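Engineer: If you scroll down you'll find the structure; I have some questions about it.
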Amino acid sequence: MLFKESFSMAFTALLANKMRSLLTMLGIIIGVGAVIAMVSVGMGVRSNVVDSISSLGSNMLIVSPGSSNSGGVRGAAGSRTTLKYEDATAIKNKVKNIDYVSPSVSHSYQVVNGNQNWNTSVQGVTQEYMSIRSLEISSGSFITVNDITKRNRVAVVGSTVATNLFGTSNPVGQNIRINNQPFKIIGVLDSKGQSSMGQDQDDVVIVPLTTAMERLMAQNYVSSINIQVSDSEMMDQVQEDVEILLRQRHKIIGGKEDDFTVRNLTSLMETMTQTTTMLTLLLGSIAGISLVVGGIGIMNIMMVSVTERTREIGIRKALGATFKNIMMQFLIESVVIGVVGGIIGIIIGCILSTVVSQLGSFTTVITPLPIFVSFTFSVGIGLFFGIYPARKAAKLDPIEALRYE
């Protein structure tokens, strides 16, 4: 009953000064709203990075050629031609804990269909590439072992290529020309959207590896080797085994530089996730500063309230109110400011995050954790910054308070 009465009196005192109470809450409202909005943006960035890397394939290693070195002049990364199809075969046969291996080649070509043309990336791969990269077929089929063996001129196109060359019609069964050579479309890939680097993953044409190497590009080396490891916990071990095997095959001894590079996408994802998590914490911390400023505003207005209500406090003490009674009333007032400000801030923060996601270029992710933390923090700030004014009010001498003009 005592708590209920104190709460009623505190709420009545706040309603008596609506504008002042609202302005006092403003710091908490802005702080909570900013924390939720900033954290949701950070979580959105993190989600985009994880989705983008995951779209490349799960438990994936990519072996790429190293840079060439001629006369002391270093070439670009991937400029060596020492990575062979036989290297991929050896990795598949000799390294344990591997599900799939797919060597690949890539080159840009002008692809033509009648009077329509489109410049895109043409990739030569094996049938295992589909499983490694988690590709899905929306219509038709993917390349087969028979296509690889017979060097068939068949192609699987991404949705961007299909739209630009065929519009709304189904391209399966239609013919296109790549580097003036006819290819029959046997399938269309499901859309995967843009990568974290802004690259359109649907702007691609996939052909059999042997067809690309011998009939299109006339080369005897591969651009990369894609490897899917069977267990994520074995990624480091498989990476080490692949590096050892390739050094042996390429006769790299002593301290000589490797002519290849093995990238671990799991490690890349962990690094990017840690980076975006730190970014999210930084954004949340910066926004949280306004919560502290809001708490100072609460303490300031409560000090003013104590001064204005000095005679009221004196009368209450003269009528028998204890230190605890006065303390509780003023603490409840400051906590109510924090609670109401926190609720309004949560609503504004969620609305702001949604608006940013719909109108801006950022993807936002609203999760319960920042909402709970920011609301709890707003209540805690109301309590913490209300202690000093409440103690000052509770310690007033009733005689001196009654004399106060």
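Engineer: Scan region 142-150 and tell me whether some residue there is in contact with a Gly (Cβ under 7 Å, 6 or more places away or on another chain), in a loop (DSSP other than H, G, I, E, B), hydrophobic (A, V, I, L, M, F, W, C) and at pLDDT 90 or above.
Structural biologist: Yes, region 142-150 contains at least one residue that is in contact with a Gly (Cβ under 7 Å, 6 or more places away or on another chain), in a loop (DSSP other than H, G, I, E, B), hydrophobic (A, V, I, L, M, F, W, C) and at pLDDT 90 or above.
Engineer: Going through region 312-326 one residue at a time, which ones are open to solvent by less than 30 Å² (accessible area, probe 1.4 Å) and in contact (Cβ under 8 Å) with a residue 12 or more places away in the chain?
Structural biologist: Ile313, Gly314, Asn325, Ile326, listed by residue number.
Engineer: Now for a separate question. Among the residues in region 348-365, are any open to solvent by 70 Å² or more (accessible area, probe 1.4 Å), assigned to a helix (DSSP H, G or I), in contact (Cβ under 8 Å) with a residue 60 or more places away in the chain and within 21 Å of Met19 (Cα to Cα)?
Structural biologist: Yes, region 348-365 contains at least one residue that is open to solvent by 70 Å² or more (accessible area, probe 1.4 Å), assigned to a helix (DSSP H, G or I), in contact (Cβ under 8 Å) with a residue 60 or more places away in the chain and within 21 Å of Met19 (Cα to Cα).
Engineer: Across region 287-311, what is the total count of residues that are closer than 23 Å to Lys18 by Cβ and open to solvent by 70 Å² or more (accessible area, probe 1.4 Å)? Steps first, please.
Structural biologist: Kept after step one, since they are closer than 23 Å to Lys18 by Cβ, are these residues of region 287-311: 290-291, 293-311.
If we keep only those that are open to solvent by 70 Å² or more (accessible area, probe 1.4 Å) too, we end up with 293, 296, 300, 308, 311.
Counting residues in region 287-311 that are closer than 23 Å to Lys18 by Cβ and open to solvent by 70 Å² or more (accessible area, probe 1.4 Å) gives 5.
Engineer: Next question, about the same structure. Output yes when any residue across region 178-189 is among the aromatic types (Phe, Trp, Tyr) and open to solvent by less than 30 Å² (accessible area, probe 1.4 Å), and no when none is.
Structural biologist: yes
Engineer: I've got another one for you. Give the residues of region 196-216 that are modelled with pLDDT of 90 or more, open to solvent by less than 70 Å² (accessible area, probe 1.4 Å) and either polar (S, T, N, Q) or out of contact with any Pro (no Cβ under 8 Å at 6 or more places or on another chain) (or both), sorted by residue number.
Structural biologist: Result: Asp203, Val204, Val205, Ile206, Val207, Pro208, Thr210, Thr211, Ala212, Met213, Leu216.
Engineer: Oh, and also: Which numbered condition trips up Glu333, out of (1) more than 21 Å from Ala16 (Cα to Cα); (2) crowded, with 21+ Cβ neighbours inside 10 Å?
Structural biologist: (1)
The values are calculated or read from the model by the stated rules, or taken from the named source; none is laboratory data. Quick caveat: nothing in here was measured; it's all calculated off a predicted structure. Because the Cβ atoms are built from the backbone with ideal geometry, glycine has one as well, and the counts that use them run over all protein chains shown. Ligands, DNA and RNA are excluded from the accessible area calculation, which covers all protein heavy atoms including side chains. Shrake-Rupley method; radii C 1.70, N 1.55, O 1.52, S 1.80 Å.
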